[in-house]
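Input: a single structure, listed below in structure tokens.
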Amino acid sequence: MTTRATPPLTKDIQGLAGIFAVSGVVHLVKPEVYEPLMPKIVPAHREVIVASGVLELVCAAGLLHPRTRVVAGWASAALLLAVYPANLKMASDLRSSRKTGLRTAAFARLPLQVPMIRSAVRAARG
């Protein structure tokens with residue numbers, strides 16, 4: 001029986017854990033920030049926002065611990081893919097906004113999720 005080595009805690013995985021930790025805290029402390037992103041089809045907006053914040057914190061902690069890094073990597077990739085539609089909605093909603101900084105950030109985050117997903121998969125695969 002062969003055991004797979006624990007993926008190393010690289011800088012990109014540490015960065016992903018940090019991003020999840022900060023975002024998770026914001027989800028819990030200021031959930032109203034995320035309410036405009038929620039599609040109408042999703043029920044219980046506030047509860048979903050809080051739950052996603054908890055999931056981000058769990059993923060952050062899991063990525064940092066060697067014994068949970070693989071599972072947390074897969075969970076992180078799944079979470080990033082699950083929230084991508086909300087990020088697309090945010091960018092679309094801000095397409096004609098006069099808030100240039102917010103609009104720029106919304107569109108910039110779309111391609112930035114690709115390296116985040118890549119880091120999550122790297123954590124999962126080792």
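The values are calculated or read from the model by the stated rules, or taken from the named source; none is laboratory data. Keep in mind the model is a prediction, meaning the values are calculated, not measured. We place every Cβ from the backbone using ideal geometry, glycine too, and count neighbours over all the protein chains shown. In case anyone asks, the SASA skips ligands and DNA or RNA and just uses the protein heavy atoms, side chains included. Shrake-Rupley method; radii C 1.70, N 1.55, O 1.52, S 1.80 Å.
Here are some notes:
- Near pairs, Cβ below 6 angstrom, 6+ apart or cross-chain, from the stretch 106-122 (polar (S, T, N, Q)) to any residue that is open to solvent by 20 Å² or more (accessible area, probe 1.4 Å) and modelled with pLDDT of 90 or more: Ser119/Asp12
- The single condition from (1) loosely packed, with under 15 Cβ neighbours inside 10 Å; (2) without any contact (Cβ under 8 Å) to a residue 40 or more places away in the chain; (3) hydroxyl-bearing (Ser, Thr, Tyr) that Ser23 fails is (1).
- The lone exception for Leu64 - which of (1) within 19 Å of Leu37 (Cβ to Cβ); (2) in contact (Cβ under 8 Å) with a residue 40 or more places away in the chain it fails: (1)
- Residues that are out of contact with any Asp or Glu (no Cβ under 8 Å at 6 or more places or on another chain) and under 19 Å from Thr6 (Cα atoms) occur in the stretch 76-83; there is at least one.
- Considering residues of the stretch 1-20 that are modelled with pLDDT under 90 and among the aliphatic types (A, V, I, L, M) only, the residue surrounded by the most Cβ atoms within 10 Å (Cβ to Cβ): Ala5
- Tabulated pairs, the stretch 71-99, first among the polar types (S, T, N, Q), second in a helix (DSSP H, G or I) and open to solvent by 80 Å² or more (accessible area, probe 1.4 Å), C-beta under 6 angstrom, 6+ apart or interchain: Asn87/Arg109
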